[in-house]
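Asker: Take this structure first; my questions come after.
The values are calculated or read from the model by the stated rules, or taken from the named source; none is laboratory data. Keep in mind that this is a model prediction, so the values were computed, not measured. We place every Cβ from the backbone using ideal geometry, glycine too, and count neighbours over all the protein chains shown.
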Amino acid sequence: MSNNPLLNSFDTPFNTVPFNDIELKHYIPAIKTGIKVGLENISRIENNFENPTFENTILALECCSEDLNTALTVYFNLYSSEADEELQKLAEQISPMYANFENDLFLNEALFTRVKSVYQDINQLSKNDARLTEKFYKSFVKKGALLSANEKEKMRTIDEKLSVLSPRFSKNVLNATNAFELWIEDEKELDGLPESALIYAKEEAKAKGREDVWLFTLQMPSYLPFMKYAKNRNLREKMYLASQTKCTSGKFNNCEIITDITQLKFEKAQLLGYDTYADFILEDRMAEDVTTVNKFMEDLYEPSMIAAKIDMKLIADYAKKIDEISTLKPWDIGYYSEKLQEEKFGFDDETLRPYFSSESVINGAFDIANKLYGLSFEKLDDIQVFHPDVEVYEVTEENRHIGILYIDLYPRETKKSGAWMNELRSQGYSRGKVERPHVTMTCNLTKPSEDTPSLLTLREVETIFHEFGHCLHGLLSDCKYQSIGGTSVKWDFVELPSQIMENWVIEKQALDLFAKHYETDKNIPEEMINKVRSSRQFLSGLMSIRQLQFGYLDMGYHSVNPKIISNPLSYEKEILEKTQLLEPVEGTSISCSFSHIFAGGYSAGYYSYKWAEVLDADAFEKFKDDGIFNAATAKSFREHILSKGNLENPKELYKKFKGSEPSTIALLKREGLLQYIN
């Protein structure tokens, strides 16, 4: 295996991944070897005749599968970011292999006995060592270490099945997204679409070998502008139905996969002694239980729903006024919302785009990180990347190496939709020393054209800042061990560092750093900033209800016995009845492409976005009170939130930063919903 780059030490700057050297044929052999070495290491720990100690048991477990972890991390990063059909197919081999390895680890009775022995003396360990020991002990218990031999075999079967189903769900969503194409030959059908959308569609068509036509797809930089600006209502309907019915039937149908996944997760939870999968998951969250999550969402529901009904009437009245639309449909919302916003506030997304070139936004995020945390970012040209779009930066603080940041901004057919942060190497102990992190920021934003740079909408700017916040969480981690560092925190805490960064996007002091017209280099006018700020509560009820819909749907699948779910399409309609503002469209579904909960880490955890909004609104109040670039406040946020990983309970960490527990008042005030309480 000496010729397998995934198994050799990386002879590259900063030990970055040698992407150019890695071929499809390398993954399976590297993973098989990694598993073999991992099992040998586990056997040595299990059969060690010495009394269990932190070093010979817990630390040894932390380091037992480093080669395997490297190969898996590289593979799954590419699976999301740059995966052709052949690379995607490997997931159906790789995921079960890893699931079996995890079960060999966590269902090993002799190994658990050693872990339990160290855990019983946890009070004698240092803070980092104790936290890692606690994490391993709880992981063993949650993975089934206390089960009988027969139950452990059932657990293995469940995990193996789930390891195949989740990648299949994700693959269906990606393929269904890529399968739809709306070709437009008649220029009259483009009425209302801005120049930026037309250029994008023209270049998409060119890439497919066709001139003098326009191609629109379900990729967000194509889909969203079409739904906001296309005057042709029939074509908006066509795009909407394509988006909302993907994976509901036919070749990429996810309905059966949903029922299989929810049933298997329920069976897993029952095996472990929990009533539902949500009970199993929430035990290790800030929220702690289903009752708390449901109450949290219900507390936000009433003010959000009252505001959402007012918002919907505004849109309906406006559509009737300007176009005599008697019955508002879902494909009308984006279009008339955008027109209404422009009339009320004097701007729309296209007005702002010239001030938000992607290059200036990235540099603005860097400048803000410099002002807050003293970080510097230097572009590197000698680092291998997995796609030509990717740029790489070394992050330093006063010439001290902090980490490596990969940035990948634009959509392609080999990349899944959405935006995310990954860690190619987590901060913490690895291969005999504490190493600094390598993190990736991945988005699907408006691409540059032949004549103009990438010009972003305000929401796309917020997306960059959101994912950059996750990156800072990974980069500024200062923990001893990878398993408790960086973003390895309670799931309903992980969105705080990302969502709080979005607040800087509409602050004048921050905008002055980067919001400059791409042609004139003039700063965005203060008048326009004020318009943007005054519009922040526009349709906030609708947006809040939208997030609550996702949360209700998630809990609806995971806090019940799924035997009641005969058909995901009808079940979804039942769950969302209380949030329905328009007549539902037959055959449409959120569930069938809801990758967050069926192919990601958000099962029984989607509420955490709204939960983190409460945290970020409350935390940013302190920044606003002290000054958005106040050095002491930034230092405190870094010390208590960004650097601590999972070293302490997040409730305590938050109180150390803010001085008090979080309150929903700041969020309700920010969204203009406070007036609708009671």
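Asker: Given the criterion out of contact with any His (no Cβ under 9 Å at 6 or more places or on another chain), over 25 Å from K268 (Cβ atoms) and either hydrophobic (A, V, I, L, M, F, W, C) or not assigned by TED's automatic domain parsing to the domain that holds I333 (or both), identify the matching residue among L553, L653, L576.
Answerer: L576
Asker: Kindly evaluate L125 against the criterion of being among the aliphatic types (A, V, I, L, M), touching a residue at least 40 places away in the same chain (Cβ under 8 Å), within 28 Å of N646 (Cα to Cα) and not assigned by TED's automatic domain parsing to the domain that holds K416.
Answerer: yes
Asker: Something else: Can you tell me which residue is surrounded by the most Cβ atoms within 10 Å (Cβ to Cβ) among those in region 10-36 that are assigned to a loop (DSSP other than H, G, I, E, B) and touching a residue at least 24 places away in the same chain (Cβ under 8 Å)?
Answerer: V17
Asker: Can you name every residue in region 182-212 that is within 28 Å of S593 (Cα to Cα) and loosely packed, with under 14 Cβ neighbours inside 10 Å?
Answerer: W183, A207, K208 - these are the residues of region 182-212 that are within 28 Å of S593 (Cα to Cα) and loosely packed, with under 14 Cβ neighbours inside 10 Å.
Asker: Here is a follow-up. Among the listed residues L340, L372, L328, L380, which satisfies the condition of being closer than 27 Å to F623 by Cβ and not hydroxyl-bearing (S, T, Y)?
Answerer: Selected residue: L372, the only one of L340, L372, L328, L380 that is closer than 27 Å to F623 by Cβ and not hydroxyl-bearing (S, T, Y).
Asker: Could you please find all residues in region 612-643 being assigned to a loop (DSSP other than H, G, I, E, B) and free of Cβ contacts under 8 Å to residues at least 12 places away in the same chain?
Answerer: Within region 612-643, G627, N630 meet the criteria.
Asker: Quick one: which of Y137, Y75, Y79, Y98 is among the aromatic types (F, W, Y) and over 27 Å from the mean Cα position of the chain (by Cα)?
Answerer: Y137
Asker: On to the next question. So is E86 surrounded by fewer than 18 Cβ atoms within 10 Å (Cβ to Cβ) and more than 30 Å from E648 (Cβ to Cβ) or not?
Answerer: Spelling it out, E86 is indeed surrounded by fewer than 18 Cβ atoms within 10 Å (Cβ to Cβ) and more than 30 Å from E648 (Cβ to Cβ).
Asker: Condition first: surrounded by fewer than 19 Cβ atoms within 10 Å (Cβ to Cβ) and in a loop (DSSP other than H, G, I, E, B). Now tell me which residues in region 644-678 satisfy that.
Answerer: E648, N649, G659, S660, E661, S663, G672, I677, N678
Asker: Collect the residues in region 218-231 that are of a type outside the set (A, V, I, L, M) and outside any helix (DSSP H, G or I), keeping them in residue-number order.
Answerer: Q219, K231
Asker: In addition: Considering only region 508-529, state which residues are surrounded by 13 or more Cβ atoms within 10 Å (Cβ to Cβ), in a helix (DSSP H, G or I) and of a type outside the set (A, V, I, L, M).
Answerer: Of everything in region 508-529, those that are surrounded by 13 or more Cβ atoms within 10 Å (Cβ to Cβ), in a helix (DSSP H, G or I) and of a type outside the set (A, V, I, L, M) turn out to be K508, D512, F514.
Asker: For L6, state whether it is modelled with pLDDT of 95 or more and in a helix (DSSP H, G or I).
Answerer: no
Asker: Which condition does G600 not pass, out of (1) within 24 Å of the chain's Cα centre (by Cα); (2) in a helix (DSSP H, G or I); (3) modelled with pLDDT under 95, if it passes all the others?
Answerer: Unmet for G600, out of (1) within 24 Å of the chain's Cα centre (by Cα); (2) in a helix (DSSP H, G or I); (3) modelled with pLDDT under 95: (2).
Asker: For region 94-112, which positions are surrounded by fewer than 20 Cβ atoms within 10 Å (Cβ to Cβ) and free of Cβ contacts under 8 Å to residues at least 40 places away in the same chain?
Answerer: Result: E109, single match.
Asker: Contact list please: Cβ distance under 6 Å, first residue in region 185-200 and under 17 Å from T351 (Cα atoms), second residue polar (S, T, N, Q), pairs at least six apart or on different chains.
Answerer: I199/S449
Asker: Looking at region 306-331 only, could you name the residues that are over 30 Å from E527 (Cβ atoms) and crowded, with 20+ Cβ neighbours inside 10 Å?
Answerer: Within region 306-331, L328, W331 meet the criteria.
Asker: Scan region 37-62 for residues that are part of a helix (DSSP H, G or I) and among the aromatic types (F, W, Y) and report the count.
Answerer: 1
Asker: Next question. Is there a residue being in contact with a Phe, Trp or Tyr (Cβ under 8 Å, 6 or more places away or on another chain), modelled with pLDDT of 95 or more and within 30 Å of K447 (Cβ to Cβ) anywhere in region 255-272?
Answerer: No, the conditions are met nowhere in region 255-272.
Asker: When region 512-531 is examined, which residues are found to be in contact with a helix residue (DSSP H, G or I) (Cβ under 6 Å, 6 or more places away or on another chain) and among the hydrophobic types (A, V, I, L, M, F, W, C)?
Answerer: If the condition is that a residue be in contact with a helix residue (DSSP H, G or I) (Cβ under 6 Å, 6 or more places away or on another chain) and among the hydrophobic types (A, V, I, L, M, F, W, C), then L513, F514, A515, I524, I529 are the ones that fit.
Asker: Considering region 197-217 alone, what residues qualify as being closer than 17 Å to E460 by Cβ and in a loop (DSSP other than H, G, I, E, B)?
Answerer: T217
Asker: Among the residues of region 36-46, is there at least one that is of a type in the set (A, V, I, L, M, F, W, C) and more than 15 Å from C63 (Cβ to Cβ)?
Answerer: No - not one qualifying residue is present in region 36-46.
Asker: In addition: Just give me the residues in region 459-484 being part of a helix (DSSP H, G or I) and either basic (K, R) or at pLDDT below 95 (or both), in sequence order.
Answerer: Of everything in region 459-484, just one residue is part of a helix (DSSP H, G or I) and either basic (K, R) or at pLDDT below 95 (or both), namely R459.
Asker: Pairs please, first residue from region 466-481 and without any contact (Cβ under 8 Å) to a residue 60 or more places away in the chain and over 14 Å from E423 (Cβ atoms), second anywhere and part of a helix (DSSP H, G or I) and hydroxyl-bearing (S, T, Y), Cβ atoms under 9 Å, 6+ apart in sequence or on different chains.
Answerer: Note: pairs meeting the criteria are H466/S498; G469/S498.
Asker: Of all the strands (runs of 3 or more DSSP E) wholly in region 372-448, which have at least 1 residues that are surrounded by fewer than 20 Cβ atoms within 10 Å (Cβ to Cβ) and at negative phi?
Answerer: Hits in region 372-448: 375-380, 391-397, 400-408, 420-425, 428-430, 433-435.
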